[in-house]
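Step one of this worksheet: look at the structure below.
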Amino acid sequence: MNKKIVRDVDASGKRVLMRVDFNVPMEDGQITDDTRIRAALPTINYLREEGALVILCAHLGRPKGQIVPEHSLAPVAARLSGLLDDEATFVDDCLGEQVAEAVGAAQPDDVILLENTRYYPGETSKDKQEMLAFAEKLAAPAQMYVNDAFGASHRKHASTFGVTKFLSPCVAGLLVEEELTKLQCVVDADQPGFIAVLGGAKVEDKIGVVKQLLPRVESLLIGGAMAWAFFKAEDMEVGESLCTEESVAGARDILATMSDYLDTMMLPVDVHMKNVSTGETKYAPADGIEPGWDALDIGPETQQKYAEIVRSAQVVFWNGPMGYFEEPPFDQGTLAVAKAMGECAGYNVVGGGDSVAAITQMGLADEMDHVSTGGGASLEFIENNGTLPAVEALDDSE
Ligand code: ADP
Ligand code: MG
């Protein structure tokens, strides 16, 4: 890795500002999945053992520069305290007097969690001066910076990027190191034997990654609602299936600009669809979607075909579910690909919020070589050929 990591510097006795990705899913004030909190523990514990005071900052949801109680990190502080063998101190603000007081009262090796950075508009501001002014205040109590928020590292925000202008050294945490090392294998992969599987809903968000991957993969398998955008772009009937104008425009862009590589792209040959008025479900060939029907999954023939290709791959990167997996039986396509990934002896990586939720729910996450904690970040890392803005801002290794 060409960036300094936390092991490369002396943190003992230092006040360390550490950016973490604690953007956990919540329902009625309860954390429904604490994977992201657990993922930060190795670096937190490492710093404490070094005798550093760990000042954690993070965002939760999109409060848009205002104090929105539903987006408070207080429940995260409680869960973190349970996971550490020690109480984490929660501070009701991320800058100013309250923070200074808590930092002043803390012992080396204590852990402090600051309130949601996105309660301030400066955190995500496009106005660079405003962003940097906020970053300077956020950095004020600390002496060095650790970025362990892989899932937020594609953002040039105050807490991921701006603070590096005010603190030194600035290094990567152990989670960021692991993510970068493992995802680099996907960036370095080349055909033959390199397979990408892309699905989910929004083609417009994934155009960049499709363009980056298409010339390098042996096959790009398309599933999920993403496939219907390509169908529609080719004037096929998609009935009531999820298919936005933006997605179709994205698909047209790919068809028009990537013509040299389209023979490596595979689309579903059959679908599993549901009648929107009667609720009846049936399989149909790809060109058999009828008005009044909603294609919610790839069909059995496609599942078998995709699974076979995935099983024999050397490197597989997967993002985006193959169908509306939240509603069985439309989880079958996603399940077929997930099982095939598990059976594949090659190197397999899954990235993406919903794809990761799907394999976790199916109990197959442990079968993968790497499950990325960052959806957007993992896609952008691949799209940018192995760089992310918040990682680039860290100190170079010597
Ligand atoms: P990820 O978070 O893994 O990148 P996306 O956010 O792009 O994936 O898309 C995930 C969502 O797409 C899921 O909620 C899934 O139910 C939905 N989806 C996938 N295929 C279909 C489909 N054929 N019809 C309706 N929804 C679908
Ligand atoms: Mg998603």
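In table form, for the structure just shown:
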{"item": "For residue 196: the one exception among (1) closer than 26 Å to residue 314 by Cβ; (2) part of a helix (DSSP H, G or I)", "result": "(2)"}
{"item": "Pairs where the first residue, in segment 16-40, is within 16 Å of residue 174 (Cβ to Cβ) and the second is among the aromatic types (Phe, Trp, Tyr) and open to solvent by less than 50 Å² (accessible area, probe 1.4 Å), C-beta under 7 Å, 6+ apart", "result": "21/150; 36/22; 37/22"}
{"item": "Residue match in segment 381-395 (condition: outside any loop (DSSP other than H, G, I, E, B), open to solvent by 20 Å² or more (accessible area, probe 1.4 Å) and within 15 Å of ligand 1 (Cβ to nearest atom))", "result": "yes"}
{"item": "Top-ranked residue in segment 40-57 [being in contact with a Leu (Cβ under 7 Å, 6 or more places away or on another chain) and surrounded by fewer than 22 Cβ atoms within 10 Å (Cβ to Cβ); ranked as farthest from residue 358 (Cα to Cα)]", "result": "46"}
{"item": "Filter pass, residue 338 being touching a residue at least 24 places away in the same chain (Cβ under 8 Å), away from ligand 1 (no atom under 13 Å from the Cβ), in the same structural domain as residue 218 (by TED's automatic domain parsing) and closer than 30 Å to residue 182 by Cβ", "result": "no"}
{"item": "Subset of segment 200-255 [charged (D, E, K, R), in a loop (DSSP other than H, G, I, E, B) and modelled with pLDDT of 95 or more]", "result": "218, 234, 235, 237, 240"}
{"item": "Only listed residue being at positive phi, in the same structural domain as residue 218 (by TED's automatic domain parsing), open to solvent by 20 Å² or more (accessible area, probe 1.4 Å) and touching a residue at least 40 places away in the same chain (Cβ under 8 Å), chosen from 320, 352, 239", "result": "239"}
{"item": "Test: residue in segment 341-350 that is more than 22 Å from residue 216 (Cβ to Cβ), more than 14 Å from ligand 1 (Cβ to nearest atom) and out of contact with any Asp or Glu (no Cβ under 6 Å at 6 or more places or on another chain)", "result": "yes"}
{"item": "Where residue 373 falls short, out of the listed (1) within 13 Å of ligand 1 (Cβ to nearest atom); (2) modelled with pLDDT of 95 or more; (3) not in a helix (DSSP H, G or I)", "result": "(2)"}
{"item": "Cβ pairs under 9 Å, 6+ apart, first in segment 133-154 and more than 24 Å from residue 42 (Cβ to Cβ) and open to solvent by less than 10 Å² (accessible area, probe 1.4 Å), second at pLDDT 95 or above and basic (Lys, Arg)", "result": "135/165"}
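The values are calculated or read from the model by the stated rules, or taken from the named source; none is laboratory data. For clarity, every value in this text was computed on a predicted model and none was experimentally measured. In this analysis, Cβ positions are derived from the backbone assuming ideal geometry, glycine residues included, and neighbour counts consider all displayed protein chains. Ligands, DNA and RNA are excluded from the accessible area calculation, which covers all protein heavy atoms including side chains. Shrake-Rupley method; radii C 1.70, N 1.55, O 1.52, S 1.80 Å.
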